[in-house]
Amino acid sequence: MTLLTTVFAAIISTIIWYKNAPEDEMKIGILCWIYWGASLMWLVDAIFEYVELQAAFFTPAPYDMLNDLYLGLSVVALGMVIWLVILLIQDPKGVIKKSLFQKKD
Amino acid sequence: MACFLVPVTEAVVTTIVGKTMKANEEKQDTFNIKEAEAVERIPFSRKLNWLSNMLWGGSALLAFEHIWHGEVVPWFPFLTAAGSPADMVEMFQEMATAGIAMAGVVTLVWLGIVAVVSGTEKKVLRSWKSEK
């Protein structure tokens with residue numbers, strides 16, 4: 001469920017990036033790399049788990065599924081927080097600089 | 001247990017190499033297609049940055065998962081598996097299998113992306129040269 005949630009986040013962020021490409025003023029590209037990197041790592045994790053559990057891997061207990069979904073959503077939120085921090089630090093539109101160092105008339 | 005430490009180590013290396021390359025990189029050849037448009041070869045440091053972003057991002061989210069499951073704690077020695085020798089053996093085994101596989105798969109995917117991008121770059125430059 002965590003893998004699935006992250007893959008959906010990666011796909012949606014890639015679609016948003018593609019829609020605005022080649023412009024990337026909001027640095028959506030970074031969000032794509034974060035989610036795809038995490039998706040690949042969880043894919044490997046899932047393969048290892050599948051080797052261990054075999055068919056039982058596809059029939060998780062409802063409690064485990066809910067917990068994994070909760071974790072997946074938290075992971076997506078953390079990815080967005082990381083992206084937001086990078087966006088505000090790099091400030092590609094110069095908004096922070098303008099609002100902090102605005103000259104008074 | 002601590003599989004994310006392997007991609008983190010690779011991310012540190014790629015970030016250092018990328019920063020060094022960027023500092024040393026000479027400006028790439030620029031070919032003007034139209035007056036206002038230009039095709040520029042993507043510097044390798046930028047391509048390496050894609051790998052670093054995937055490794056750092058993936059590792060950060062994976063580290064969060066380990067905190068979620070109580071495998072990483074905010075006090076020394078930070079990894080619960082470091083508490084007993086038997087758990088440490090299991091941790092190193094996981095790093096050697098899952099950790100290396102994670103770093104390897106991310107690197108392989110990145111190599112694929114770089115190969116496709118380089119192929120497209122060559123095509124665009126070749127078509128520009130033939131038009132010229």
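Just so you know, all these numbers are worked out from the coordinates, no wet-lab data involved. Note that this is a predicted model, so its numbers are computed, not measured. Using ideal geometry, Cβ is built from the backbone for each residue, glycine included, and neighbour counts are taken over all protein chains shown.
Listed values, structure above:
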| quantity | calculated |
| --- | --- |
| Helices (runs of 4 or more DSSP H) contained in chain A and holding at least 2 residues away from every other protein chain (no Cβ under 14 Å) | A:2-20, A:62-90, A:95-100 |
| Boolean, residue A:79 is among the small types (Gly, Ala, Ser) and over 28 Å from residue B:66 (Cβ atoms) | no |
| Close pairs from segment B:71-83: first exposed (fewer than 11 other Cβ atoms within 10 Å of the Cβ), partner in a helix (DSSP H, G or I), Cβ under 8 Å, at least 6 apart | B:77/B:83 |
| Of all residues making up segment A:49-105, the number that are in contact with an Asp or Glu (Cβ under 8 Å, 6 or more places away or on another chain) and on the phi > 0 side of the Ramachandran plot | 0 |
| Of all residues in segment B:91-123 being more than 13 Å from chain A (Cβ to nearest Cβ) and touching a residue at least 24 places away in the same chain (Cβ under 8 Å), the one that is farthest from residue B:13 (Cα to Cα) | B:121 |
| Selection count, segment A:31-73, where residues are touching a residue at least 24 places away in the same chain (Cβ under 8 Å), surrounded by fewer than 21 Cβ atoms within 10 Å (Cβ to Cβ) and touching a helix residue (DSSP H, G or I) at 6+ places or on another chain (Cβ under 9 Å) | 8 |
